[in-house]
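Only one structure is covered here, and it is reproduced in the block below.
Computed from the coordinates by the stated procedures, all read-outs in this text should not be read as laboratory data. For clarity, every value in this text was computed on a predicted model and none was experimentally measured. No Cβ is skipped: glycine too gets one built from the backbone with ideal geometry, and neighbour counts run over all protein chains shown.
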Amino acid sequence: MDVIPAEVMGKFVGCYRAVGALGAFVFHRYMFGHAEDSTALIYLLSTLLYGVSFFLLVWKVKEGDYEEPPPKESLAKTTKAYFSECFSSPFYLKTYSLAFCFWSAVVPLWTFLVFFGTKPGQDMGYAPTLGLSLEAFGHARGWCSLVQVPIFFLVGPLVDRFHPLRVAMVGMLLSSVTFFANFFFVHSEGTFTFWLITNFIAQAIYMGAYLAILPRLLPRSKYGQFFTANQIFGFAGVALAPVLCGRLLEFVKDYRYIYVWCGVCTLGGFVMCFFLYRHWMRLGGDHGYKPPGFEQDSTATAIKSAH
């Protein structure tokens, strides 16, 4: 991401996300319904697709010309510098919190939504679910991914024009609102499909903006270092949220509450995005922002946004 010009980052991310959404559509529309009787084949095809895709990703990558790296420092000094630079600034902590909140919402959704949509748990005292077949659930989920494709293409230019932080705030708020709408209004296959598509549209707005945020906010000279710090927060959500959400569902005995969990997490993400936006504005915003602690970074130029 750090090699893509910032002025077109939104369009690039939109295309990147759109391709992923097409893959998700194919999987859910044509393969998910066979998960029980063709498990090994699905894993095999997924493995081959991943291997070929990764090969194509790195096949044409050419290394540029770089300056000589600085002398190696001791592990203790390097570790101290890493934690000091990456975790001492409230601005960067607010940035990382977006990954934590969003992944804390969507990973439990991917994990438990199928239980609400299909037929499990009735013999364990759980509240009634929608009772769809795996095939019907896969079709509904597939349409959600397909609808995201044009949204990603539309969001890209908006991200470049208005700044990804502004677009991400809108997407995170709409995600939270539509999660709660799913909780209250889903009672049949039709309402399930409609409100899930609405929520995935909102998620697409956020996801189309999110990857463009990091190159615009993190220090370019140490982008990889700060990106790993962001990933630590994101994968903390990936690891912790399904366990905690599972405990919640065991307590309430109702898979519908997955929507409440996701709504609360994305609402927290919206609040953090709002505070991050205010902090970014205090640091210069569209016309003068430079990463805190790296104001001398010659590549950290501000990108003017048209309003």
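A few points about this structure:
- Measuring spread by the Cα atoms of region 165-256 yields a radius of gyration and Dmax of 16.7, 52 Å.
- Value of Rg to Rh for region 80-141, rounded to two decimals, is 1.32; Kirkwood radius and Rg both from alpha-carbon coordinates.
- Restraint check, Lys94/Lys290; Lys77/Lys290; Lys119/Lys253; Lys72/Lys222, Cα-Cα greater than 19 Å: Lys77/Lys290
- Ranked His139, His279, criterion: other C-beta atoms within 10 Å, fewest first: His279, His139
- For region 148-155, backbone phi angles converted through the Karplus equation (6.51, -1.76, 1.60; θ = phi - 60°) give residue-by-residue couplings of 5, 4, x, 5, 4, 5, 6, 5 Hz, Gly and Pro being listed as x.
- Region 78-199 - percent relative contact order, Cα under 8 Å, separation 6 or more: 18 percent
- For the pair Ala40 and Thr111, label points projected 7 Å from Cα toward Cβ lie 2.9 nm apart.
- Peptides 73-86, 258-271 ranked from most to least packed by the mean count of surrounding Cβ atoms within 10 Å: 258-271, 73-86.
- Computed from the C-beta positions of Phe91 and Phe55, the FRET efficiency with R₀ = 30 Å rounds to 0.20.
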